[in-house]
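A single structure is presented below for examination.
The values are calculated or read from the model by the stated rules, or taken from the named source; none is laboratory data. All values derive from a computational prediction rather than experimental measurement. Note that each Cβ is placed from the backbone with ideal geometry, even for glycine, and that neighbours are counted across all protein chains shown.
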Amino acid sequence: MKPGQTFDLTDKNIQSLEQDGSKIWDTLGQNVSGDEPEASPVPPPLSRPAPQSSHAPESGHSAKAGLKDQGQADNQDPGRARAQPSAGQPFIAPIPKGAASTAATSKAAPQAPSRPTTPRLSPAAPTNKADAASAHDQGQGNQGQRSQGLGNQNQGNGAQANNTRHSASQSALSHAAQRLNQQRSYRWLTVLVLALAALFVLLLLVDTLTGLAWLFGISRALGLLASLLLATALASLGILLGREWRALARMSRQRHLRQLTEAALFETGAPGANEAMLAVEASYAKQDETAWLVAQFRELAPQDAYSAVDRLEVFEREVLRKLDSQAVDLIEENARNTAIITTISPFALFDALFTLWRNLRMIRQVATVYGVAPGFWGSLRLLRQVFANVLLTGGLEAADGALNQLLGGSLTAKLSTKLSEGLVNGMLSARLGLAAMDQCRPLPFKHNRRPRLSDIGARLVGSVRKSIMKGKDQR
Amino acid sequence: METAPPLLHSASVLQRSSAGLGALVSGVREQITAPFAEPTLRLGVTGLSRSGKTVFITALVHNILTGRRFPLFQASAQGRLTAAVLRPQPNLDLPRFAYEANIDGLLSPQPLWPESTWRLSQLRLTISYRPTNLIKRAMPGPHLLNLDLIDYPGEWLLDLPLLTMDFADWSDQVLAAAKHPTRATYAKPWLDALGQMDLNTTQDERAYIELARLYTNYLRACRQKNLMIAQLQPGRFLMPGDLEGSPSLTFCPLPRPRGSLNKSGFFATCALRYEAYKRHVVRPFFRDHFSKLDRQIVLTDLLGAAAAGPAAVEDLQTALTTVLQAFRPGANSWLSKLFRGRRIDKMLFASTKADHLPSNQHDRLARLLSELAFEPANNAKFRGADVSFLALSAIKSTRLAKVREQGRVYDCITGWIEGQGQPKAFYPGELPDSLAELKRGIDAPLAQVRFLPPPNLDQEPQGLPHIGLDRSLDFLLGDLLS
Ligand SMILES: Nc1nc2c(ncn2[C@@H]2O[C@H](COP(=O)(O)OP(=O)(O)OP(=O)(O)O)[C@@H](O)[C@H]2O)c(=O)[nH]1
Ligand SMILES: [Mg+2]
């Protein structure tokens, strides 16, 4: 193609006027996950019959064939328009108009481009279903690679340690060595547990089958009923497992995203910024809770006016700011509850269990805010990562230190031990929450201020004091 | 670069004229009254002709007046711009900038770009905002910022280098440039007429008029072909404003006469008129409107130059370098304001009409501009000013499209190309990676087309589409609105 060449918009070789990012994601998204470097640029639902699209502009076509082409194009274009009710509102006539101008619809399309009347903030387009499924497949692929063994997992943790700004390197080193030792002794333990579990499952299976046979022996109806129940149980187990699997895949996808965006934001030349941006956008456009935010974002910073790095900035400022504040609210609420319960509960064991449960729940909620929604195993894994993060960065001391700073040493001494225990617990869970936030965020903190433990702590102390005062007054 | 004019001292005439006691006195007055006066920012929108000044000012004013949200203009993104109004301009003797006419033209059913500017005009936009700065917040509101903008024909900017040249030097330079093979054909009628005349004798006024006309024709031809744009002087020949026909516009560059100079001869009279032009036209213009700028945005039509070929790129670079030497970049402190007068502490170089390129080339465009304007930018940085580069389109009139041909997908843009009724997709080609390559000439030159503003711009949900306008505003105004 020569610079300066022009085309009519009715030309069938024109593939897309970018109205929003989603279409681009369809083609580039596969790139991002590294499946296929050159994915077909024509997204499946939009593709025209293959022989046509490879033709140069129709010079050799008979008039009849040309007419037929047009007809097909017309049939497809409205469908395309319907398939994408979301964000972008074209100001230049989108393809349907151009294509229509040669056909019967031309009366309906006046000179000025018509605007789709769909609500601006409609959630993600229905077409996204298909691509959610394919993304899921990729996720599974990733998952397969990832869960190759403990060694791999370990690397992941190491990388996180590197990422945390204030890593106390020495303690990190000794910690790592310790872990290695532990792993050696754990290996046989793992074998033991696995073997026992397998044995248990086998026994269970045999038992069930014999039981079933026995029931069939008694009465056919009873047997059928039992098999029905068994089938239901198995099916629901399968669904549960599938969900867990999907959740894990989501998490690993999120981690992958984070790697992409970190490279784009912190390395010189912003490598892969475009892919990173499109991947982030697509991932959040797919979820109902965030789809409208993404739609707004696309209107605010359309792809053809902002560079990828700028769009990452806008995304952080506009979309993530809202998610961040939701997450911080959650964290604060949880820290407050933990602190109060610990302060007033008489049983230490109860505190501990309650705190653990609350923290686990908070971490899940924070993850859900960022659209990661971990399953059960995912939460445990997240908890472990978060703990590792907190331990490696000396989070416990930080919590204590921040509290001391806030209250002033003398005051801490004067407080009842219960109350200070409660506050420490609250601070610790706030610290955990912040770490979870860091784990789940698709972008590193760059333009938004990273929420600080001391800020949360200040509010925590204030609110706990207030509620305890109230308690005293009532008494 | 055979025609590079002699380097100007950046301590130019302007500085000399404004230095001294008078400046000190006015500086002191300004310092004393500053805390009580409304803060005012004089933004210099600088650019050669057709570089996009009028469109930029119109878009800026419209966007701020309508209170649209700009994601990368922090004050706007944070919702701190409460309102903006147009207020009476400070210089009552100047025409008002025709903002309403311009925007109406752009938003009409048959949208049009504003006409080429032919005279000076001024506009004051007052922005009311909520500060974040604690000290400002402690003061009673409303917090206002006056933004003073002036618009002028880009041609006039090129008169600036004249201030440091006398008639003979300037003539030598112009004559040398006119002999260059690319321009010789256009210069021929004028040079022939010169050859037939005895320059040292007294001449009838008709001769002045005729020669000035021939010289102006030569300038016009060069401008049209994007040639020699650094030396389209005197600017008023191309865009006379209200001075059309006055004696200070009826002269032309002349070769030095041999022998002793006849005091009433043609050459001497032209030299006198040249000096009068400088004194009465050029100097007041720059003294009144350019010597007191606070910030500057330099608009450059790099894409247009690239499309016109390597010589045009060279010329653009020369023009930028010479013109910008007259401005005074530097860091401001209250002490330096007192003793040296105000300085331009932020300078933004923008490559306009970036909507002629698909978005993946915008970074490259900005990079090319940073190479092109390396010298003036470096000078500004050296003196402590903040400098930034970006790709700009004040009113984006195109959209992206992908066109597939023989298995390859090309990034194209679509829009209403001037003279064609239907929107078309257009393949602009690729910019090279470095200025050196651009100057060597691109084997497939970016074809030059003009896109009309698309219809129904005002119905865009987020306000007029643009490229880089919010970044520009953030850079230029952001700290004053904090
Ligand atoms: N596509 C596009 N074209 C632009 C844009 N800005 C300016 N132009 C084009 O550039 C031309 C000149 O713009 P003006 O704003 O009039 O330029 P100027 O610097 O005021 O020119 P003078 O008044 O002659 O000095 C316009 O007529 C448009 O064709 C833009 O953002 N996008
Ligand atoms: Mg103008």
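Determine if segment B:149-168 includes at least one residue that is under 30 Å from B:Leu481 (Cβ atoms), away from ligand 1 (no atom under 16 Å from the Cβ), in a helix (DSSP H, G or I) and not assigned by TED's automatic domain parsing to the domain that holds B:Cys252.
Looking through segment B:149-168, none of the residues is under 30 Å from B:Leu481 (Cβ atoms), away from ligand 1 (no atom under 16 Å from the Cβ), in a helix (DSSP H, G or I) and not assigned by TED's automatic domain parsing to the domain that holds B:Cys252.
Let me ask another. When residues of segment A:256-277 are filtered for being touching a residue at least 12 places away in the same chain (Cβ under 8 Å), on the phi < 0 side of the Ramachandran plot and of a type outside the set (Phe, Trp, Tyr), how many remain?
14
Using the structure shown, decide if B:Ile57 is part of a helix (DSSP H, G or I), away from ligand 2 (no atom under 13 Å from the Cβ), closer than 17 Å to B:Leu473 by Cα and away from every other protein chain (no Cβ under 14 Å).
no
Further question: If you take the residues in segment B:130-168 that are more than 20 Å from B:Gly241 (Cα to Cα) and hydroxyl-bearing (Ser, Thr, Tyr), which one is farthest from ligand 2 (Cβ to nearest atom)?
Out of the qualifying residues, it is B:Thr132.
Give segment B:87-107 a look and list any residue that's within 15 Å of ligand 1 (Cβ to nearest atom) and either of a type in the set (A, V, I, L, M) or assigned to a loop (DSSP other than H, G, I, E, B) (or both), or say none.
B:Pro95, B:Phe97, B:Ala98, B:Ala101, B:Ile103, B:Leu106, B:Leu107, listed by residue number.
From the set of residues in segment B:169-197 that are touching a residue at least 12 places away in the same chain (Cβ under 8 Å) and among the small types (Gly, Ala, Ser), which is nearest to ligand 2 (Cβ to nearest atom)?
B:Ala177
Go through the residues of segment A:349-360 one by one and say whether even a single one is modelled with pLDDT of 90 or more, in the same structural domain as A:Lys418 (by TED's automatic domain parsing) and under 30 Å from A:Gly426 (Cα atoms).
No, there is no match, as no residue in segment A:349-360 is modelled with pLDDT of 90 or more, in the same structural domain as A:Lys418 (by TED's automatic domain parsing) and under 30 Å from A:Gly426 (Cα atoms).
Moving on to the next point. Checking B:Glu155 against (1) more than 19 Å from B:Leu232 (Cα to Cα); (2) of a type in the set (D, E, K, R); (3) under 26 Å from the mean Cα position of the chain (by Cα): exactly one of these is not met. Which one?
Unmet for B:Glu155, out of (1) more than 19 Å from B:Leu232 (Cα to Cα); (2) of a type in the set (D, E, K, R); (3) under 26 Å from the mean Cα position of the chain (by Cα): (1).
Right, something else. Which one of these is away from chain B (no Cβ under 14 Å) and in contact with a helix residue (DSSP H, G or I) (Cβ under 7 Å, 6 or more places away or on another chain): A:Ser307, A:Ser252?
Criteria check complete, one pass: A:Ser252.
Before we move on, is B:Arg367 more than 16 Å from the chain's Cα centre (by Cα) and more than 14 Å from every other protein chain (Cβ to nearest Cβ)?
So B:Arg367 does not fit the description; no.
Go over the candidates A:Gln365, A:Gln385 one by one and state the one that is of a type in the set (S, T, N, Q) and touching a residue at least 60 places away in the same chain (Cβ under 8 Å).
Criteria check complete, one pass: A:Gln385.
Tell me, which residue of segment B:241-272 that is assigned to a helix (DSSP H, G or I) and free of Cβ contacts under 8 Å to residues at least 60 places away in the same chain is nearest to B:Trp118 (Cα to Cα)?
B:Leu243
Go through segment A:273-295 and report how many residues are closer than 25 Å to B:Leu464 by Cα and not in a helix (DSSP H, G or I).
The qualifying residues number 0.
Check segment B:296-310 and report whether any residue there is out of contact with any strand residue (DSSP E or B) (no Cβ under 7 Å at 6 or more places or on another chain) and over 30 Å from B:Pro428 (Cα atoms).
No, segment B:296-310 contains no residue that is out of contact with any strand residue (DSSP E or B) (no Cβ under 7 Å at 6 or more places or on another chain) and over 30 Å from B:Pro428 (Cα atoms).
Looking at segment B:396-435, which of the residues that are over 20 Å from B:Asp355 (Cβ atoms) and in contact (Cβ under 8 Å) with a residue 12 or more places away in the chain is nearest to the other protein chains (Cβ to nearest Cβ)?
The qualifying residue nearest to the other protein chains (Cβ to nearest Cβ) is B:Asp433.
Return the pairs, sorted by first residue and then second, in which the second residue is assigned to a loop (DSSP other than H, G, I, E, B) and near ligand 1 (Cβ under 8 Å from one of its atoms), the first residue lies in segment B:38-50 and is within 11 Å of B:Tyr152 (Cβ to Cβ) and of a type in the set (S, T, N, Q), the beta carbons are less than 9 Å apart, and the residues are 6+ apart or on different chains.
Here the result reads B:Ser49/B:Ser116; B:Ser49/B:Thr117; B:Ser49/B:Pro153; B:Ser49/B:Met239, each pair linking segment B:38-50 to a residue that is assigned to a loop (DSSP other than H, G, I, E, B) and near ligand 1 (Cβ under 8 Å from one of its atoms).
Which of the following residues is without any contact (Cβ under 8 Å) to a residue 40 or more places away in the chain, basic (Lys, Arg), assigned to a helix (DSSP H, G or I) and farther than 27 Å from A:Leu460 by Cβ: A:Arg298, A:Arg311?
Result: A:Arg311 is the single residue among A:Arg298, A:Arg311 that is without any contact (Cβ under 8 Å) to a residue 40 or more places away in the chain, basic (Lys, Arg), assigned to a helix (DSSP H, G or I) and farther than 27 Å from A:Leu460 by Cβ.
If you don't mind, there's one more thing I want to ask. Can you tell me which of B:Arg287, B:Arg343, B:Arg295 is among the basic types (Lys, Arg) and modelled with pLDDT of 90 or more?
B:Arg295
In segment B:115-133, which residue that is within 16 Å of ligand 1 (Cβ to nearest atom) and surrounded by fewer than 19 Cβ atoms within 10 Å (Cβ to Cβ) is farthest from B:Arg50 (Cα to Cα)?
So the residue we want is B:Arg119.
While we're looking at this one, here's another question. Being touching a residue at least 40 places away in the same chain (Cβ under 8 Å) and more than 10 Å from ligand 2 (Cβ to nearest atom) is the filter here, so list the residues in segment B:103-118 that pass it.
Listed by number, the residues that qualify are B:Ile103, B:Leu106, B:Leu107, B:Pro109, B:Gln110, B:Pro111, B:Leu112.
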